[in-house]
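The values are calculated or read from the model by the stated rules, or taken from the named source; none is laboratory data. Since the model is a prediction, treat every value here as computed from it, not as a measurement. When we count neighbours, we look across all protein chains shown, and the Cβ atoms used for this are built from the backbone with ideal geometry, even at glycine.
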Amino acid sequence: SQQGEEDPQALSIQEGENATMNCSYKTSINNLQWYRQNSGRGLVHLILIRSNEREKHSGRLRVTLDTSKKSSSLLITASRAADTASYFCATGTSNSGGSNYKLTFGKGTLLTVNP
Amino acid sequence: NAGVTQTPKFQVLKTGQSMTLQCAQDMNHNSMYWYRQDPGMGLRLIYYSASEGTTDKGEVPNGYNVSRLNKREFSLRLESAAPSQTSVYFCASSEPTHSYNSPLHFGNGTRLTVT
C-alpha cells in the first residue's frame, strides 16, 4: 500500500526558478527521506528529516516536515538543467516496539528544468 | 569503491524460465533490499535482509526467492518467470543496521522483460 504520495506528478520549470514538490502520508512516521532518480539510473539519497525535526537544508535543497498535517515539501532553489529527474519521498515507519522498520516510497514527481 | 553493483543490466526471459539477479555491495552494510519499480507504482519492496543470515518478506514477495550469500551479496531468484514480473529491479543496502535513520544506497537496476 502506498504511504507517501507526491504532488504534483510532473513539474516543468525554467532554469533559475525554484521547484517545490510535496509529499503527503497517512500514518505516523519515524523519518521521511527524499531521493532523486535520473533516467535509467538508481535512486540517490538526498536528505533525511526525522519526525521531531521541522526543517533541514542541504545546499540548494530545503525540506520541511509538518507532522500535524502529515506532509513534507522539497524545495530546490535556483534550479539547473541537471536537476531534471524524478524525485521520490519515502516514509520510514516501525511498530510500537521500534522494530519491523519499513521504508515506503511514493510514486514520484518528474521534474523537468528547461535551459 | 563501486557501491552497489547489480548484474545483469538487462535480461529478456520467456514465460516459465528461471533466472537469478545478482547484487553485491562493498560498503560493509548489514542490511540489503530488493525493490521492483513499475510505471505509476513507485518502488515496492520484494524482500529484505536485515543482517547476514536473515531474510524477510516485503510487500510483494510472491514469485520470488532470495539468498543472503554473505554480508556482501544478496541475490533474487525468479523460479518461473511470468509477464507480470516484467519490471526494473533495484538492489539497495543500508548502514549500519536495519535502522530507521539509515538512508538507502541503490544499484543502477536490472531491466527485466518476460515475454
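Observations on the structure shown:
- Output for segment A:3-20, where each listed residue is within 14 Å of chain B (Cβ to nearest Cβ), surrounded by fewer than 22 Cβ atoms within 10 Å (Cβ to Cβ) and within 21 Å of A:Ser68 (Cβ to Cβ): A:Glu5, A:Asp7
Table: residues versus (1) of a type in the set (A, V, I, L, M, F, W, C); (2) under 19 Å from A:Tyr35 (Cα atoms).
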residue	(1), (2)
B:Tyr47	no, no
B:Arg68	no, no
B:Glu73	no, no
B:Leu78	yes, no
B:Val88	yes, yes
B:Glu95	no, yes
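- Annotation note: of B:Ser94, B:Ser75, the sole residue that is within 13 Å of chain A (Cβ to nearest Cβ), in contact with a Leu (Cβ under 8 Å, 6 or more places away or on another chain) and either closer than 20 Å to A:Thr91 by Cα or in contact (Cβ under 8 Å) with a residue 40 or more places away in the chain (or both) is B:Ser94.
- Matching residues in segment A:1-40 - criterion: being among the hydroxyl-bearing types (Ser, Thr, Tyr) and in contact with a His (Cβ under 9 Å, 6 or more places away or on another chain): A:Tyr35
- Residue within segment A:45-64 that is of a type in the set (A, V, I, L, M), modelled with pLDDT under 90 and closer than 20 Å to B:His105 by Cα present: no
- The set of residues in segment B:12-48 that are within 13 Å of chain A (Cβ to nearest Cβ), surrounded by 12 or more Cβ atoms within 10 Å (Cβ to Cβ) and of a type in the set (Gly, Ala, Ser) comprises B:Ser31, B:Gly42.
- Qualifying residue in segment A:96-106 (condition: surrounded by 19 or more Cβ atoms within 10 Å (Cβ to Cβ) and in contact with an Asp or Glu (Cβ under 6 Å, 6 or more places away or on another chain)): yes
- Options A:Lys70, A:Lys102, A:Lys56, A:Lys107: the member that is free of Cβ contacts under 8 Å to residues at least 24 places away in the same chain and under 16 Å from A:Gly4 (Cα atoms): A:Lys102
- Hits in segment A:41-56 (condition: more than 8 Å from chain B (Cβ to nearest Cβ) and over 13 Å from the mean Cα position of the chain (by Cα)): A:Ser51, A:Asn52, A:Glu53, A:Arg54
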